[in-house]
């Protein structure tokens, strides 16, 4: 049912499954950018939608990562709503305040992304030789997981990671001729820029 073509864009079909998953994803990051804990409830639906999307398109490498995304979402939901006394928001003691990574933690995060992305890219190249961009695919995937993890910890830096993901995904989708997804990624990019500024205000207020 979800593989029904609902319209065409530049001669390419857009499936109901693509639209549903895109709307859930946009809603999830929109709510996160506005400091709403309800983003996690949408995140559960989004993870399920992606699971079926990747299953339907035989993208098993991406499908296998969804349980990791689900675990991060569950962890983030708990962390945002059960802060330690030193982590409580100045505006709501039951909410986690926004914090930042130190420069050493940022350096470690970048190094981890490069190493894991290389290993995962090499693995994809061996298992799925038809993948035209195995290392770029793996880099985007690892960055997404990093951005999700940082968001779950309510780190301001998560939006930097999301912006890099959005820009890279636009380049990736354009390079393979996709039309619909670059538009979706552009919307993610706009939301990411707004959220970057919004969370900085929350950080300064210790909220």
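Would the range 133-156 turn up any residue that is in contact with a strand residue (DSSP E or B) (Cβ under 6 Å, 6 or more places away or on another chain) and surrounded by fewer than 16 Cβ atoms within 10 Å (Cβ to Cβ)? No, because not a single residue in the range 133-156 is in contact with a strand residue (DSSP E or B) (Cβ under 6 Å, 6 or more places away or on another chain) and surrounded by fewer than 16 Cβ atoms within 10 Å (Cβ to Cβ). Scanning the range 83-108 for residues that are surrounded by fewer than 17 Cβ atoms within 10 Å (Cβ to Cβ) and closer than 26 Å to residue 50 by Cβ gives no hits. Restricting the search to the range 87-121, which residues are part of a loop (DSSP other than H, G, I, E, B) and either out of contact with any strand residue (DSSP E or B) (no Cβ under 6 Å at 6 or more places or on another chain) or in contact (Cβ under 8 Å) with a residue 60 or more places away in the chain (or both)? Result: 89, 90, 91, 92, 93, 94, 95, 97, 98, 100, 102. If you go through the range 169-181 and keep only what is more than 12 Å from the chain's Cα centre (by Cα), assigned to a helix (DSSP H, G or I) and surrounded by 17 or more Cβ atoms within 10 Å (Cβ to Cβ), you end up with 170, 172, 173, 180, 181. Checked against (1) exposed (fewer than 15 other Cβ atoms within 10 Å of the Cβ); (2) touching a helix residue (DSSP H, G or I) at 6+ places or on another chain (Cβ under 7 Å); (3) over 30 Å from residue 86 (Cβ atoms), residue 194 passes all but a single condition, namely (3).
Condition check ((1) assigned to a helix (DSSP H, G or I); (2) at pLDDT 90 or above; (3) touching a helix residue (DSSP H, G or I) at 6+ places or on another chain (Cβ under 7 Å)) across all residues:
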{"residue": "3", "(1), (2), (3)": "no, no, yes"}
{"residue": "13", "(1), (2), (3)": "no, no, no"}
{"residue": "19", "(1), (2), (3)": "yes, no, no"}
{"residue": "27", "(1), (2), (3)": "yes, yes, yes"}
{"residue": "46", "(1), (2), (3)": "yes, yes, yes"}
{"residue": "55", "(1), (2), (3)": "yes, no, yes"}
{"residue": "58", "(1), (2), (3)": "no, no, no"}
{"residue": "61", "(1), (2), (3)": "yes, no, yes"}
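Residues checked against (1) within 25 Å of residue 196 (Cβ to Cβ); (2) touching a residue at least 24 places away in the same chain (Cβ under 8 Å):
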position	(1), (2)
19	no, no
27	yes, no
46	yes, yes
55	no, no
68	yes, yes
75	yes, yes
85	no, no
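Only a single criterion out of (1) free of Cβ contacts under 8 Å to residues at least 60 places away in the same chain; (2) over 22 Å from residue 160 (Cα atoms) is not satisfied by residue 138, namely (2).
Looking at the structure I just gave you, is residue 125 over 19 Å from the mean Cα position of the chain (by Cα), more than 22 Å from residue 72 (Cβ to Cβ) and outside any helix (DSSP H, G or I)? Against the criterion (over 19 Å from the mean Cα position of the chain (by Cα), more than 22 Å from residue 72 (Cβ to Cβ) and outside any helix (DSSP H, G or I)), residue 125 does not qualify.
The values are calculated or read from the model by the stated rules, or taken from the named source; none is laboratory data. Here the structure is a predicted model, which is why all the values come from computation and not from measurement. Note: ideal-geometry Cβ built from the backbone for every residue, glycine included; neighbour counts use all protein chains shown.
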